[in-house]
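Working notes for the structure below.
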Amino acid sequence: MGTIADNLARIRAGLPEGVTLVAVSKFHPAEAIREAYEAGQRIFGESRPQELAAKYALLPDDIEWHLIGHLQTNKVKTVVPFVSLIHSVDSWRLAETVDREAAKAGRTIDVLLQLRVAQEETKFGWDATDLERFLQDGSLGALLHLRIRGVMGMASLTDDAEQVRREFAELREAFRRIKANYLPQIDLLSMGMSGDYPTAIEEGATMVRIGSSIFGERSYGI
Ligand SMILES: *Cc1c(COP(=O)(O)O)cnc(C)c1O
């Protein structure tokens, strides 16, 4: 592990043009984020609303904060005032809640629809058939304070490289279908983390979410 600046430089050098890096800073202190900020990074991803709000208050205004983790409906209010992109809209109930809170705050919020492709039960996300129903009947399109920007997903945590590749391909195919049939304006496909982002990029990711390869291992004690 080099310094945060070294890690960022190394990762950036390997990203093709058109792929956006979200630096996942969850569980790391504000000083670590400041170090990445000073190395030019402006987009940070957090998974817990309270932690995101606390860091937002401490750090420069030109940071774009992304919420990447599962969001409970009663926590939506905490992030709505300042979040730039919510990657993890994974149910109709959450979509409706974000829309309602965004309307109250006078905002339109950029979101991704999180799809579940991994084999693990622990992963959140829409089932592709359910999602299709909400797109087809126009319910999602009627949420005027949500701007749907694309699709997010996570591959299974496994050593089976072919399975990981198949799951990313499945996400790309879902993205393509949604864009072709319902939402021609979508432009973001968020997939790939420290352990699997090169494969995600080969399969068409336009946004990668990288934490431990930049900031080191997370200490869950803090
Ligand atoms: C923590 C997390 C990441 C980053 O994981 P690393 O393996 O540390 O790169 C990416 N996406 C989501 C949704 C996460 O929760």
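The values are calculated or read from the model by the stated rules, or taken from the named source; none is laboratory data. None of these values were measured; they are calculated from a predicted model. Cβ atoms come from the backbone with ideal geometry, glycine included; neighbour counts cover every protein chain shown. The accessibility values were calculated without ligands, DNA or RNA, using every heavy atom of the protein model including side chains. Shrake-Rupley method; radii C 1.70, N 1.55, O 1.52, S 1.80 Å.
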**OP:** For region 60-118, calculate the relative contact order in percent as a whole number, restricting contacts to Cα pairs under 8 Å that are 6 or more residues apart.
**Re:** 36
Original post:
With every protein chain in place, what's the accessible area of V19 (1.4 Å probe, Å², nearest 10)?
Top reply: 20
Original post:
Got a number for carbon plus sulfur as a percent of region 107-222's accessible area, 1.4 Å probe?
Top reply: 50
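Filter the cross-link list K26/K77; K55/K75; K104/K179; K77/K179; K26/K75 down to pairs whose alpha-carbon distance in this structure exceeds 22 Å.
Details: K26/K77 19 Å; K55/K75 16 Å; K104/K179 29 Å; K77/K179 29 Å; K26/K75 17 Å.
Listed pairs above 22 Å: K104/K179; K77/K179.
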Original post:
Distance from the Cα centre of region 120-148 to that of region 194-213, in angstrom?
Top reply: 23
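Of the trypsin sites (Lys or Arg not before Pro) in region 56-109, which ones lie in a loop per DSSP and count no more than 16 other C-beta atoms within 10 Å? Please report the intermediate quantities before stating the final value.
Values: sites: K75, K77, R93, R100, K104, R107; in loops: R107.
Sites meeting the loop and neighbour criteria: R107.
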**OP:** Describe numerically, in nm with one decimal, the distance between label points set 7 Å from Cα along Cα→Cβ at T3 and at Q50.
**Re:** 3.4
**OP:** Taking the Cα centre of region 1-109 as origin, work out the dipole magnitude from +1 charges on Lys and Arg Cβ and -1 charges on Asp and Glu Cβ, in debye rounded to 20.
**Re:** 320
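Compute the length gained on full extension between N74 and R218: take 0.36 nm times their separation in residues and subtract their Cα-Cα distance, giving the result in nm to one decimal.
Taking N74 through R218 to full extension adds about 49.2 nm, to one decimal.
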Original post:
On the first, second and third principal axes, largest extent first, how far apart are the outermost C-alpha atoms of the chain in Å?
Top reply: 50, 43, 32
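Calculate, for region 107-222, the solvent-accessible area per residue in square angstrom, rolling a 1.4 angstrom probe over the heavy atoms of the protein chains.
Working: 5730 Å² over 116 residues.
That works out to 49 Å² for each residue.
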**OP:** Putting +1 on Lys and Arg Cβ atoms and -1 on Asp and Glu Cβ atoms, find which of P81, I43, A128 reaches farthest to the positive end of the dipole of region 1-131.
**Re:** P81
Original post:
What is the calculated FRET efficiency for L58 to E120, with r their C-beta to C-beta distance and R₀ = 41 Å, to the nearest 0.05?
Top reply: 0.75
**OP:** Quote to one decimal, in nm, the extra length available between S156 and T129 on full extension: 0.36 nm per residue of separation minus the C-alpha distance between them.
**Re:** 7.7 nm
Original post:
Once the piece of chain linking D137 and R166 is laid out straight, how much longer is it, given 0.36 nm per residue of separation minus the C-alpha distance between them?
Top reply: 7.5 nm
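Can you give the FRET efficiency for A13 and A180, using 1/(1 + (r/R0)^6), R0 = 35 Å, r = Cβ-Cβ distance, to the nearest 0.05?
On the way: r = 34 Å, r/R0 = 0.96.
With R0 = 35 Å, the Cβ-Cβ based efficiency is 0.55.
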**OP:** Evaluate the charge dipole of the chain about its Cα centre and quote only its size in Debye, nearest 20, assuming +1 on the Cβ of each Lys and Arg and -1 on the Cβ of each Asp and Glu.
**Re:** 600
Original post:
Once you treat every alpha carbon in region 24-147 as an equal point and sum by Debye, what is log10 I(q)/I(0) at q = 0.21 Å⁻¹?
Top reply: -1.17
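For the chain, what does the relative contact order come out to in percent, with C-alpha contacts under 8 Å and a separation of six or more?
Details: 394 pairs, mean separation 45.2, N = 222.
In percent, rounded to a whole number, it is 20.
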Subject >> Under the Debye formula (equal points on every Cα, no solvent term), log10 I(q)/I(0) of region 129-222 at q = 0.14, 0.26 Å⁻¹ >> reply: -0.60, -1.28
